[in-house]
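Some notes on the structure that comes next.
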Amino acid sequence: MAITQTLAEFSVLTHRAQIPAQVTARAASLMTDFTGSIIRAAADSDSGPAILAMLDRLGLAAEGPCTVPGLQRRFAPGAAALLNGAFGHSLDFDDTHADSSLHPSAPVIPAALAVAEMTEASGADLLAAIVIGFEVCCRIGMALDPTSHYARGFHPTATAGTFGATAAAGRLLKLTPEQMVSGFGVAASQASGSLQFLQNGAWNKRYQVGEAAMKGLMAATLAAEGFLGATEALEGKHGFLNAYSDLPMPERAVEGLGSVWETLRIGVKPYPACRYTHAAVDGLLALKRDHGWTAGDIDRIRVGLHRNGVALVGAPLAEKQRAHSIVEGQFSMPFAAAVAVLRDRFGWDDYDLLGNAEAEALAGRVEVVQDDSLEGLRHPFGAVLDVISRGQPFHLRIPDPSGEPETFPDDGQIAQKFLTLTAPVGNGAEELWLARLGSVADAPNMRGYLA
């Protein structure tokens, strides 16, 4: 099956008018949500200074046409794509696509925005490119079989995301189908992203996603300049799907292409942590509201998750119960549960509970196990809660976390999340950013639009 060729043709030949209005509108909402994370992380990300210093030291931070919202500098396109991707993913508050188990906006929007500013593209063309990038990375992520990809130690947002970034950038660069095939060929050589960051709470995860945005931009630009990339980059004997998965399902990359829009299946996060923690947090907040518990009432919390969730946020349990850094907290089900019980919420500012004695004591009473009833379902993000409070058992099953497509937030909720994130660091500019993001489809020229 000529998957690479099919996706290349879809990426560059799909007319903007062929993308349904609701799909374009969803992309605009997701862009607003993602930009809020960029702005807050530009001020708060602990890894940001090191990335900026690296770019400066290597001479890669030269002034250019591209914006990083929240920074008072303009950058060359590659640096802007890297920074926007890394910042947008730093809070782990960015959107997710359940079937591919990846964060589509983090690699795609930064690559698309960089090219849109570089070429002075319109907002409508930018949104169309974002949709194309979403479709490509989500479909390739599904084709990998996320469980198999995770089991081999790969991070799909960074790996499959490189192809989505290439597709979005290549569309705005007006590649031909043959050039896009070459772009995907280059992307296959650059796709990388390891889960080893889980070992010590390292900053690799956010950086490798920013790098995916930059690599996609590079791959598309090489193709635009006549560089010859490998053919059959996805389905070939040594192509991406066969090299990165034990159980690839290549047909999923093109099934329903152009009629079934994966963009509408992207969910928005209500909490700044790994998506596998969210259903359990939803459940604990609901139980607290119903029963008026305090932390002292909780004898034990047992959280059942899909095996992917256990690997990311539940094991080894003793370490997950003692999260001390932001990354460790973002990938700790016990910490997320403790925050929910103690604060009746879970927002970015609640990471001040890291190292808190009461939070650690409560996290120590949280057990995380694989629940077989969550295996084999279309979505892997559900949870099963068993709570003992003052000796009394409570049981709750949460099939999907809030923010999934069936409960996608409305414009007001998206705006509220954006303002909650950006107001502490926006110096009064947050309302202007929000207004411009709300009108991006009408922008005649994206250069400097989000400065």
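The values are calculated or read from the model by the stated rules, or taken from the named source; none is laboratory data. Quantities reported herein were computed from a predicted structural model and do not represent experimental measurements. In this analysis, Cβ positions are derived from the backbone assuming ideal geometry, glycine residues included, and neighbour counts consider all displayed protein chains. Ligands, DNA and RNA are stripped out before the accessible areas are found, and what is left, the full protein with its side chains, is counted by its heavy atoms. Shrake-Rupley method; radii C 1.70, N 1.55, O 1.52, S 1.80 Å.
List of remarks:
- Computed over the range 269-334, Kirkwood Rh from alpha-carbon pairs, angstrom: 12.6
- For the range 334-451: rounded, prolate or oblate by the Cα gyration tensor [a/c cutoff 1.5]: oblate
- Helices of the chain meeting both criteria, an alpha-carbon length of 18 angstrom or more along the long axis and an average Kyte-Doolittle score not below 0.0, with helices taken as full DSSP H segments, are 21-44, 77-90, 105-119, 123-144, 156-172, 177-190, 204-224.
- Solvent exposure of the range 171-227, expressed per residue, is 41 Å² of accessible area, with all protein chains present and a 1.4 angstrom probe.
- Cα-only Debye scattering, the range 106-148: base-10 log of I(q)/I(0) at q = 0.26, 0.28 Å⁻¹: -0.83, -0.91
- Descending Cα extents along the principal axes, the range 333-397, whole Å: 37, 31, 18
- Anisotropy class of the range 108-178 from Cα gyration tensor, a/c 1.5 cut: prolate
- Computed over protein heavy atoms with a 1.4 angstrom probe, the accessible surface ordering of Ile109, Ile388, largest first, is Ile388, Ile109.
- Calculated diffusion of the range 244-371, Stokes-Einstein form, Kirkwood radius summed over Cα pairs, 37 °C and 0.692 mPa s, µm²/s: 208
- Net charge of Cβ neighbours under 15 Å - reference Ala106; Lys, Arg +1; Asp, Glu -1: +1
- Between the alpha-carbon centres of the range 6-56 and the range 213-288 there is a gap of 14 Å.
- Equivalent ellipsoid, the range 133-265 (semi-axes from 5 times Cα gyration tensor eigenvalues, Å): 22, 18, 14
- Protein accessible area in the chain, 1.4 Å probe - carbon and sulfur %: 52
- Sorted peptide list for 194-204, 40-50, 250-260, criterion being average Cβ within 10 angstrom, highest first: 40-50, 194-204, 250-260
- The Cα atoms of the range 71-196 define a convex hull whose projected area, averaged across directions, is 8.0 nm².
- With Rh defined as the Kirkwood radius, the inverse of the mean 1/r over Cα pairs, the Rg/Rh of the chain is 0.97.
- Length-normalised contact order of the chain in % [C-alpha pairs under 8 Å, at least 6 apart]: 21
- Distance from the range 67-99 to the range 318-378 (C-alpha centre basis), Å: 26
- Packing-based ranking of 215-228, 305-318 yields 215-228, 305-318, ordered from highest to lowest mean Cβ neighbour count within 10 Å.
- Global geometry of the range 164-211, whether rounded, prolate or oblate, following the gyration tensor of its Cα atoms and the 1.5 cut on a/c: prolate
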